[in-house]
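Notes for the one structure printed next.
The values are calculated or read from the model by the stated rules, or taken from the named source; none is laboratory data. As the structure is a prediction and not an experimental result, all values here were calculated from the model. Methodologically, a virtual Cβ is constructed for each residue, glycine included, from the backbone with ideal geometry; neighbour enumeration extends over all protein chains shown. With ligands, DNA and RNA removed, areas are computed over all heavy atoms of the protein, side chains included. Shrake-Rupley method; radii C 1.70, N 1.55, O 1.52, S 1.80 Å.
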Amino acid sequence: VRALHRRGFEIGGHTRTHVDLGVVSTDEAHKEIAGARRELERQLGAPVDLFAYPYGRRHNLTDANLELVRAAGFRCCCSCFGDVNTRGSDPFHLARVAITPWYDSPHHLGLEVALRRSEISGNAPVQSFQLPVVSSASSQ
């Protein structure tokens with residue numbers, strides 16, 4: 001994460017332990033949300049003001065936790081249930097589409113979104129994967 005930050009990537013919070021914010025107490029949610037921001041800022045030596053819900057489906061988000069995200073000083077918050085964001089969208093209700101190995105290319109993803117067959121419409125398979133580690137040696 002530090003290497004990505006040094007290369008210009010903007011880093012956001014995601015809770016300290018990837019807890020499901022839809023089922024924990026308000027006190028635990030506060031510790032997870034605010035603690036993640038403090039720890040990342042300490043590690044990076046830079047402000048962290050983006051947040052993404054772990055397990056960001058509708059049932060994992062609560063109004064109380066959204067207020068905790070605001071109170072922790074984040075400037076926006078992404079879900080994971082898929083939708084389209086438009087000009088004027090509430091920055092604390094940003095939708096995002098999972099990018100998965102199911103899509104063969106960025107063009108394939110775009111086609112699926114345009115045809116309303118992507119996760120946005122709830123029809124695509126939901127898979128997850130880990131991004132490969134990028135080292136400075138591999139970029140030379």
key: Cα-based Rg and Dmax for the range 9-76, where Dmax is the largest Cα-Cα distance (Å)   = 11.0, 34
request  = Please give the net charge around Glu32, taking every other residue with its beta carbon less than 12 angstrom from that of Glu32, where Lys and Arg add +1 and Asp and Glu add -1.
outcome  = 0
request  = Set the Förster radius R0 to 30 Å, insert the Cβ-Cβ distance between Thr62 and His107 as r into 1/(1 + (r/R0)^6), and round the FRET efficiency to 0.05.
outcome  = 0.25
query = What spacing in nm lies between the two simple spin-label points modelled at Thr86 and Thr26, each 7 Å away from Cα in the Cβ direction?
reply = 3.4 nm
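If you average the sequence gap of Cα pairs under 8 Å that are 6 or more apart and divide by the length of the range 1-57, what percent do you get for the contact order?
Reported relative contact order: 47 percent.
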ask   = How large, in percent, is the carbon and sulfur part of the accessible surface of the range 1-56 at a probe radius of 1.4 Å?
value = 52 percent
